[in-house]
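Report on the structure given below.
The values are calculated or read from the model by the stated rules, or taken from the named source; none is laboratory data. The shown structure was predicted, so the numbers you read here are calculated from the model rather than taken from an experiment. Virtual Cβ from ideal backbone geometry, glycine too; neighbours counted across all protein chains shown.
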């Protein structure tokens, strides 16, 4: 199968440091290539892949200091459009833009939504452009969307088993990994460590948008003998960081769409203590791969429980549900399901015309040498 994977330009694929979506795209690309599929990756320069790479920015936009990614993303999507007839499937990982720009090619496109869907400005776009098939990364992620949304599948993330190797021993500290922000509740992690009397290592990045929160709310809590703030770490450091932990703390206070760090910890055999929000009940098998809690008291008690949990059982839960091979198998099923649908060019054309398809679509279709029916479909 000829598959185009379209990644965000914020980070390289895989990212050098923080970056969940780009990491998932990398794992999916490598597994699809391993299984013999012809994969083209649209991503930033600096990406490393076994697929054919189309670099759509000289380097990751975050490392380049570019905060507004709209212009670069639109340029990338233009490149995808010009090459659209080279692919059986175009798989987007850039959330909203494809809905408006590829409605006439929806019979061969799908978008995996990686973010939260409860923001007020999201629903109008999906209502205006219902053609694009959507993939959710958890059932919880779907809840804010109407039942009529064009859902194709729910496919949890997966990673190669060797990325975070199994550590049968673990260690004597609690781990917090990710991003410092109010919804991630690093303050809860610090309180759990202090109450349980166990060391906490915090490997986290601080975005510019969260710097004020970090300075005002978190930095004053770090001056304690049990708390060690490490900062942002790379992939190699992450493996040891998670593998040597007693437990990963995931004390979120928001509707988490998935929570990649939970399955990374599970891969290492490290149980997860997580608040019952968003996708957590779908990812964590309670009292098997971690403990799901709803209070500080329960979280502190869970620290003791995690000390006696079977790390082999945690790893087995990961291997059964969250490998890259399983993820790729699920996506291939979704691709085939989409291609098995009968395309309806006339209906798509009518929808595009009613919505006023932009003029650039006609130009890009012509430049790509697509057929007349595709041109009519764009408006």
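Things worth noting here:
- Residue 178 vs. criteria crowded, with 18+ Cβ neighbours inside 10 Å and either within 17 Å of residue 303 (Cβ to Cβ) or in contact with a helix residue (DSSP H, G or I) (Cβ under 6 Å, 6 or more places away or on another chain) (or both): yes
- Meets criteria (within 20 Å of residue 102 (Cα to Cα) and under 17 Å from the mean Cα position of the chain (by Cα)) for residue 163: no
- Residue count for region 112-136 satisfying the condition of being within 18 Å of residue 147 (Cβ to Cβ) and in contact with a strand residue (DSSP E or B) (Cβ under 7 Å, 6 or more places away or on another chain): 6.
- On the stretch given as region 339-353, residues that are modelled with pLDDT of 95 or more and either buried (at least 21 other Cβ atoms within 10 Å of the Cβ) or farther than 28 Å from residue 150 by Cα (or both) total 0.
- Residue match in region 66-75 (condition: crowded, with 20+ Cβ neighbours inside 10 Å and at negative phi): yes
- Criterion violated by residue 194 - all others in (1) touching a strand residue (DSSP E or B) at 6+ places or on another chain (Cβ under 9 Å); (2) in the same structural domain as residue 113 (by TED's automatic domain parsing); (3) surrounded by fewer than 17 Cβ atoms within 10 Å (Cβ to Cβ) satisfied: (2)
- Residues in region 207-220 that are crowded, with 17+ Cβ neighbours inside 10 Å and touching a strand residue (DSSP E or B) at 6+ places or on another chain (Cβ under 8 Å): 210 alone.
- Filter result for residue 265 (buried (at least 23 other Cβ atoms within 10 Å of the Cβ), touching a strand residue (DSSP E or B) at 6+ places or on another chain (Cβ under 6 Å) and in a helix (DSSP H, G or I)): yes
- Set 78, 62: member being touching a helix residue (DSSP H, G or I) at 6+ places or on another chain (Cβ under 8 Å) and either surrounded by 15 or more Cβ atoms within 10 Å (Cβ to Cβ) or in a loop (DSSP other than H, G, I, E, B) (or both): 78
- Filter pass, residue 32 being assigned by TED's automatic domain parsing to the domain that holds residue 113 and either assigned to a helix (DSSP H, G or I) or over 29 Å from residue 322 (Cβ atoms) (or both): yes
- Evaluated against (1) outside any loop (DSSP other than H, G, I, E, B); (2) under 30 Å from residue 67 (Cα atoms); (3) in contact (Cβ under 8 Å) with a residue 24 or more places away in the chain, residue 232 falls short on exactly one condition, (1).
- Out of 69, 91, sole residue that is modelled with pLDDT of 95 or more and assigned by TED's automatic domain parsing to the domain that holds residue 137: 91
- Residues of region 126-147 satisfying the condition of being outside any loop (DSSP other than H, G, I, E, B), at pLDDT 95 or above and touching a helix residue (DSSP H, G or I) at 6+ places or on another chain (Cβ under 9 Å): 134, 135, 136, 139, 140
Yes/no per residue for (1) within 26 Å of residue 144 (Cβ to Cβ); (2) buried (at least 22 other Cβ atoms within 10 Å of the Cβ); (3) in the same structural domain as residue 138 (by TED's automatic domain parsing):
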site: 244; (1), (2), (3): no, no, no
site: 248; (1), (2), (3): no, yes, no
site: 282; (1), (2), (3): yes, no, no
site: 290; (1), (2), (3): yes, yes, no
site: 312; (1), (2), (3): no, no, no
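- Residue in region 148-168 that is in a loop (DSSP other than H, G, I, E, B), farther than 30 Å from residue 29 by Cβ, touching a residue at least 60 places away in the same chain (Cβ under 8 Å) and in contact with a helix residue (DSSP H, G or I) (Cβ under 8 Å, 6 or more places away or on another chain) present: yes
- Hey, residue 116 at pLDDT 90 or above, surrounded by fewer than 18 Cβ atoms within 10 Å (Cβ to Cβ) and within 19 Å of residue 9 (Cβ to Cβ) or not: no
- Set 24, 3: member being buried (at least 24 other Cβ atoms within 10 Å of the Cβ), touching a residue at least 40 places away in the same chain (Cβ under 8 Å) and either out of contact with any helix residue (DSSP H, G or I) (no Cβ under 8 Å at 6 or more places or on another chain) or outside any loop (DSSP other than H, G, I, E, B) (or both): 24
- When region 109-125 is filtered for residues that are under 29 Å from residue 83 (Cβ atoms) and part of a helix (DSSP H, G or I), only 125 remains.
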